[in-house]
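Participant: One structure coming up, written as structure tokens, with questions to follow.
The values are calculated or read from the model by the stated rules, or taken from the named source; none is laboratory data. In this text the structure is predicted, and so the values were computed from the model without any measurement. Glycine gets a Cβ as well: all are built from the backbone with ideal geometry, and neighbour counts include every protein chain shown. For accessibility, only protein heavy atoms count, side chains too; no ligands or nucleic acids. Shrake-Rupley method; radii C 1.70, N 1.55, O 1.52, S 1.80 Å.
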2 protein chains.
Amino acid sequence: MNASDNRRTVLVTGAEGLIGTVVRERLGDRYDLRALTLTPQPYPSYVADIAEYDALPPAFAGVDAVVHLAGSPAVETPWEPVLRNNIIGTRNVFEAAREAGVQRVVFASSNHAIGMYEIDGAPSIYALGDPRVYDAHAEPRPDSLYGVSKLFGEAIGRLHHDLHGMAVICLRIGTVRPDDDPASEATLQAIPEPLAFLNPKQRRERTRATWLSHRDCANLIACALDAPADWAIVYGISNNSRQFWSLDDARALLGYAPNDAAPI
Amino acid sequence: MNASDNRRTVLVTGAEGLIGTVVRERLGDRYDLRALTLTPQPYPSYVADIAEYDALPPAFAGVDAVVHLAGSPAVETPWEPVLRNNIIGTRNVFEAAREAGVQRVVFASSNHAIGMYEIDGAPSIYALGDPRVYDAHAEPRPDSLYGVSKLFGEAIGRLHHDLHGMAVICLRIGTVRPDDDPASEATLQAIPEPLAFLNPKQRRERTRATWLSHRDCANLIACALDAPADWAIVYGISNNSRQFWSLDDARALLGYAPNDAAPI
């Protein structure tokens, strides 16, 4: 960047992960991106473990907004890493952001915060035309300790919004896959552990309901960074025919408009 | 107890605290109470720090129900003890209960899980006839890290209910005071830290709105132990004229009927 650069400085935690890579590859023109990663990378990065608070402040200095993606991403993560990476780590990220005067945090929450509704509704909830649809106003029903940790993150985000005036946008992100191909059988068959009871046809329908393309994922995160909204919990999926999570709040509060859709 | 004793065995964590003392003094005839405390007491007790999982299993063996009161009770508690006592400790209590096959956990949550509504509404929310009333269906708006930890406890409680069939009743307990006297000026003036902006008249009205007598507190906990309901989050206050938390769910789901009321 140079002195005439008007782009905002955005720190991406977990920049080495799947969604971090989507952000780095697709939003680098739009923001002055800064990476925080657990290990050294081929690109410039602040190397720190978010569970260790004292390592964080240098990465947050002068930052306009944070996209907080770091943490254990798997729904089956046991308690100790959930505690360390998702609870302590997320508290530390919000605290470091507050301490540095960061004005906006976009937090990668998860549909697993209320995954139990889906487990109860599966597999008929994936059927075309099934009327059930859930949004962030549904009462918490996590399906895992991971889901509990995401509710914790949303709650501490809300606290930072209410108490410190920080804009906080929580994204309950759907199914993002490395190959970004909703027709690939490998992508369609990969399923979160609590849904392991689904058969191959049901898995295919589930992934088609929850898919989020890389392009839409980057768009959604940009909307969360740019929108005037200063508090929201929204779902992030493409415009899928079988969707059972509402995009109404993402559209209304963030101006999100998906460009892609999984095949029916 | 003796062999003909049909009372259920109830483990009370934090039995040395204010509400633990209410339980010990008022419910000892009704249940075979077992105490878990942080330090040795004049009465029989399992001495353990709930943040240390390995110390817990002996206290949970053969227990029918747990009343989980242990933790840091003050809304202004900083992060490190909130993490240790309220987050790690509460997870450990649920895990030990699950491991031991305990069928029911009554969890001392807190009104501070959504305390921000009150802060926004104060002081007019305390006025007689003010129509605002909140229940556990209001979206999370904690007023503190302590409040965040109580939302965490409710979420992990819900997970244990949904995943392991455990009955879990969360009580958002109001204002319980050592002297149990809602006319005492010392009781009326003591106020949680986020409400320190209230003047003496407002503090008096607030405490009169949120007061919970020792008798009603013991009744509520007994209702939570005995009710057929297997999941609930309810408020616990006496039948106060200025109340702004709903007792509807406590009455409907648990059969709670307060006997006392703060003076108008």
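Participant: Under the definition of partner shielding as Cβ atoms of other protein chains within 10 Å of a residue Cβ, what is the mean value for peptide B:152-163?
Facilitator: Taking all residues of B:152-163 together, the mean is 6.
Participant: What residues of the stretch B:138-153 lie in the reach of a label at A:Ile119, counting those whose backbone N is under 17 Å from a point 7 Å from the Cα along Cα→Cβ?
Facilitator: No residues fall inside that zone.
Participant: Next question, about the same structure. Hey, what does the equivalent ellipsoid look like for the stretch B:9-252, semi-axes from the Cα gyration tensor as sqrt of 5 times each eigenvalue, largest first, whole Å?
Facilitator: 29, 18, 17
Participant: What number, in percent, do you get for the relative contact order of the stretch B:9-252 if the mean sequence gap of Cα pairs under 8 Å and at least 6 apart is divided by its residue count?
Facilitator: The value is 20 percent.
Participant: Determine, at each q value in 0.11 (inverse angstroms), the log₁₀ of I(q)/I(0) that the Debye formula gives when each Cα of the stretch B:124-264 is one equal point scatterer.
Facilitator: The calculated log intensity ratios at q = 0.11 Å⁻¹ are -0.42.
Participant: Pull out a ≥ b ≥ c, the square roots of the eigenvalues of the alpha-carbon gyration tensor of the stretch B:72-133, then state rounded if a/c is under 1.5, prolate if not and a/b is larger than b/c, and oblate in the remaining case.
Facilitator: Working: a/c = 4.88, a/b = 1.95, b/c = 2.50.
Verdict is oblate for the stretch B:72-133.
Participant: Can you give the local net charge around A:Asn199? Use residues other than it whose beta-carbon is closer than 13 angstrom to its beta-carbon, Lys and Arg +1, Asp and Glu -1.
Facilitator: Values: positive: A:Lys201, A:Arg203, A:Arg204, A:Arg206; negative: A:Glu205.
Surrounding charge for A:Asn199 is +3.
Participant: What distance in nm lies between label points placed 7 Å from Cα along the C-beta direction at B:Asp179 and B:Tyr46?
Facilitator: So the two model labels end up 3.7 nm from each other.
Participant: Run the helix sum for the protein assembly as shown: -39,500 (n - 2.57) per DSSP H stretch of 4+ residues, divided by residue count, reported at 222 nm to the nearest 500 deg cm²/dmol.
Facilitator: Dividing the helical sum by the residues of the protein assembly as shown leaves -9500 deg cm²/dmol.
Participant: A:Gln41 label points, 7 Å along Cα→Cβ, one per copy: pairwise distances from this copy to the rest in nm, shortest first?
Facilitator: Spelled out, the distances from A:Gln41's label point are 5.2 nm.
Participant: Can you list the residues in the stretch A:67-85 whose accessible area drops by at least 50 Å² when all protein chains are present, compared with the chain alone? Use a 1.4 Å probe, heavy atoms only.
Facilitator: A:Trp79
Participant: Can you give the accessible area of A:Leu253 in Å² (nearest 10), computed on protein heavy atoms with a 1.4 Å probe?
Facilitator: Taking all protein chains as shown, A:Leu253 has close to 70 Å².
Participant: Moving on. Residues with beta-carbon under 10 Å from that of A:Ile156, excluding A:Ile156: net charge, scoring Lys, Arg +1 and Asp, Glu -1?
Facilitator: Neighbourhood net charge equals 0.
Participant: Also, quick follow-up: Given all pairs of different Cα atoms, what value in angstroms does the Kirkwood hydrodynamic radius of the protein assembly as shown take? If you can, show how the numbers build up before the last one.
Facilitator: Values: mean 1/r = 0.0411 Å⁻¹.
Kirkwood radius, the protein assembly as shown: 24.3 Å.
Participant: Enumerate by residue number the trypsin sites (Lys or Arg not before Pro) in the stretch B:89-157 meeting two conditions: DSSP loop (anything except H, G, I, E, B), and at most 16 other Cβ atoms within 10 Å of the site's Cβ.
Facilitator: B:Arg132
Participant: At 1.4 Å probe radius, can you tell me the per residue accessible area of chain B in Å²?
Facilitator: The answer is 38 Å² per residue.
Participant: Any idea which of B:Leu145, B:Pro73, B:Ala122 is furthest toward the positive side of the dipole for the stretch B:9-252, if Lys and Arg beta-carbons carry +1 and Asp and Glu beta-carbons -1?
Facilitator: Positive-most Cα among the choices belongs to B:Ala122.
Participant: Cross-link candidates for A:Lys150: which lysines have Cα within less than 16 Å, leaving aside residues fewer than 8 places away along the same chain?
Facilitator: B:Lys150
Participant: What gaps in nm, shortest first, separate A:Asp130 from its twins in the other copies when you place the label 7 Å past Cα toward the beta carbon?
Facilitator: 4.3
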